[in-house]
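Note sheet for the following structure.
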Amino acid sequence: MEPTETEQSAPSSARRSRIAVAGASGLIGTALTRALADDGHEVVRLVRRAPRTKDEVRWDPKEGYVDTAGLAGCDAIVNLAGAGVGDHRWTAAYKQEIRDSRVLGTSALAEAAASLDERPRVFLCASAIGYYGDTGERAVDESAPAGQGFLPSLCVEWEGAAAAAHEAGIRTVFARNGLVVAREGGAWGRMFPLFKAGLGGRLGNGRQYWSHISLHDAVAALRHLLDTDSLSGPVNVTAPEPRTNREVTAAMGRVLHRPTLFTAPSPALRVVLGEMAGDVLGSQRVLPTRLLESGFSFAFPGIEESIRAALR
């Protein structure tokens, strides 16, 4: 029987760890912390309010504050925090919010990790495939340079903010996450209701590549990054078979047994979404070369099976 979207395999090591997670209430963070706790690891959640339980630690990313006493004994620090890129129109103010929530938070956690008497083995920081910009039909992996535009420049600064951890000798890994296929949130969380209502369709000409990953595989990949001492630097967390928006639309229709006749024309998307439309219509054909080379195995490598896994 195949694993469900959030079921995870046993950890590669029997050793139980103490792991701090920022962004634990987000889509990936919720699934990751559940999987770690289910396997007996001690999970410490970083929160912006006053802690209410013994497994919570106070931090304020905008102020650069972290209660470092609460991180004592942590084997790993995972940073998944950040304002949703697609949650609002990209006004100047919201772009600043997106930037600050990632760059300032990463810097605060990296400096906190570096300041500990007993430093963690690994600092794992989320990043995004937005690093590469619009790649058209060209397939790229971790060796490709940064693209042009808001998201690529954000990702460069975001990853650079972890310098304190790297300079302190902590293994530092950047998970360049793709589009997560899940019912609970993210782009697919907004798409499922539309497609179920028969209102789904391609965006623009539909030829742009979408580099997706199932929620199950996204969590499994993060755990692989935590456990694999040979991995550091950027790692693409995407499925090995990127598909075009047209192909994704067709797969959604097949799985949900709904028509996909609607089309959102490019000019209309630019009016509605503003600057963000460039990234919605842009193409990112991203390959997980380093994950595959390190021995990671995908449970749901294809788009249709990823969609079906999300609906279980």
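The values are calculated or read from the model by the stated rules, or taken from the named source; none is laboratory data. Remember, it's a predicted structure, so these values are computed and weren't measured experimentally. With ideal geometry, Cβ positions are generated from the backbone for all residues, glycine too; neighbour counts draw on all protein chains shown. Accessible surface is based on the protein model in full, side chains and every heavy atom, while ligands, DNA and RNA are left aside. Shrake-Rupley method; radii C 1.70, N 1.55, O 1.52, S 1.80 Å.
A few comments on the model shown:
- Residues in region 198-227 that are in contact (Cβ under 8 Å) with a residue 60 or more places away in the chain, closer than 15 Å to M252 by Cβ and over 12 Å from the mean Cα position of the chain (by Cα): G198, L199, G200, G201, R202, L203, W210.
- Any pair with Cβ under 8 angstrom, 6 or more apart, that starts in region 138-150 at a residue that is in contact (Cβ under 8 Å) with a residue 60 or more places away in the chain and among the aliphatic types (A, V, I, L, M) and ends at one that is in a loop (DSSP other than H, G, I, E, B) and surrounded by fewer than 18 Cβ atoms within 10 Å (Cβ to Cβ): none
- Looking across R308, R254, R270, one residue alone is more than 18 Å from the chain's Cα centre (by Cα), more than 15 Å from L179 (Cα to Cα), modelled with pLDDT under 95 and of a type outside the set (A, V, I, L, M, F, W, C). It is R270.
- When each of T33, T106 is tested for being closer than 19 Å to A161 by Cβ and either aliphatic (A, V, I, L, M) or assigned to a helix (DSSP H, G or I) (or both), the lone residue that passes is T106.
Here's the yes/no breakdown for (1) part of a helix (DSSP H, G or I); (2) in contact with a Gly (Cβ under 6 Å, 6 or more places away or on another chain); (3) basic (K, R); (4) open to solvent by less than 10 Å² (accessible area, probe 1.4 Å):
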position	(1), (2), (3), (4)
R119	no, no, yes, no
Y131	yes, no, no, no
G136	no, no, no, no
P145	no, no, no, no
V156	yes, no, no, no
A175	no, no, no, yes
L194	yes, yes, no, no
L199	no, no, no, no
H216	yes, no, no, no
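- Of note, A165 does not satisfy the criterion of being open to solvent by less than 10 Å² (accessible area, probe 1.4 Å), part of a strand (DSSP E or B), touching a strand residue (DSSP E or B) at 6+ places or on another chain (Cβ under 7 Å) and touching a residue at least 24 places away in the same chain (Cβ under 8 Å).
- Single residue of region 36-50 satisfying the filter (free of Cβ contacts under 8 Å to residues at least 12 places away in the same chain and assigned to a loop (DSSP other than H, G, I, E, B)) that is farthest from E184 (Cα to Cα): A50
- Picking from residues in region 245-265 that are open to solvent by less than 20 Å² (accessible area, probe 1.4 Å) and of a type in the set (S, T, N, Q), the one that is nearest to E305 (Cα to Cα) is T249.
- Among the residues of region 24-45, the one identified as open to solvent by less than 20 Å² (accessible area, probe 1.4 Å), of a type outside the set (A, V, I, L, M, F, W, C) and within 13 Å of the chain's Cα centre (by Cα) is G29.
- Residue pairs whose Cβ atoms lie under 6 Å apart, separated by 6 or more positions or on different chains, with the first residue in region 172-187 and at negative phi and the second polar (S, T, N, Q) and crowded, with 23+ Cβ neighbours inside 10 Å, are F174/S127; R176/S127; R176/N236; G178/S211; G178/T238; V181/S214; V181/S306.
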